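Student: The structure under discussion is supplied below as C-alpha cells; questions concerning it will follow.
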Amino acid sequence: MARAAGVTANAVRFYERYGVISAHRNSGNARRFTVDAVCRIRLALAAQRVHARIPTGGPVGGPAPALMYATYPRVNVPPHQGR
C-alpha cells in the first residue's frame, strides 16, 4: 500500500490516524485498506504541495474526510490582456 501511494509505512499510519484513509484488520491482524486509499493519499500529497487544507474527518479514528470539500488558497491571476 505504501509503495503504491509513493509514501513510507509511517506516512500510511499517519494518514490512517488522522482519518484520510481507513482500514480494517483481518484475522491475521493485518490492515486492509479501502480501494480508494491510494488515491486519497496521493490527493493529500498534492494538496500539501499547493498548501491546500484538507479537513479531517473529526476526532482521531473518525470517519474519512470528504476530500472534495478541500479549501484551496486564493491565487491572484492578472486579467487576460487581449491581442
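Taken together, the values in this text are just the output of simple stated rules run on the coordinates, not laboratory data. Since the model is a prediction, treat every value here as computed from it, not as a measurement.
Student: Which ³J(HN,Hα) values in Hz, rounded to whole numbers, follow from the phi angles of segment 9-21 under the Karplus curve 6.51 cos²θ - 1.76 cosθ + 1.60, where θ = phi - 60° and Gly and Pro get x?
Tutor: 4, 4, 5, 4, 4, 4, 5, 5, 4, 9, x, 6, 10
Student: Quote to one decimal, in nm, the extra length available between N10 and R25 on full extension: 0.36 nm per residue of separation minus the C-alpha distance between them.
Tutor: Details: separation 15, 0.36 × 15 = 5.40 nm, distance 1.73 nm.
Working it through step by step, the gained length comes to 3.7 nm.
Student: Taking H placed 1.01 Å from N in the peptide plane, check which residues at least 5 places from T34 or on another chain put their amide H under 5 Å from its amide H.
Tutor: S22
Student: Can you work out the Karplus-derived ³J(HN,Hα) for every residue in segment 31-38? Use 6.51 cos²θ - 1.76 cosθ + 1.60 with θ = phi - 60°, whole Hz, and x for glycine or proline.
Tutor: 7, 10, 8, 6, 5, 8, 4, 4
Student: Figure the gain on full extension for L45 and R3 (residue separation times 0.36 nm, minus the Cα-Cα span) and round it to one decimal in nm.
Tutor: On the way: separation 42, 0.36 × 42 = 15.12 nm, distance 1.40 nm.
Taking L45 through R3 to full extension adds about 13.7 nm, to one decimal.
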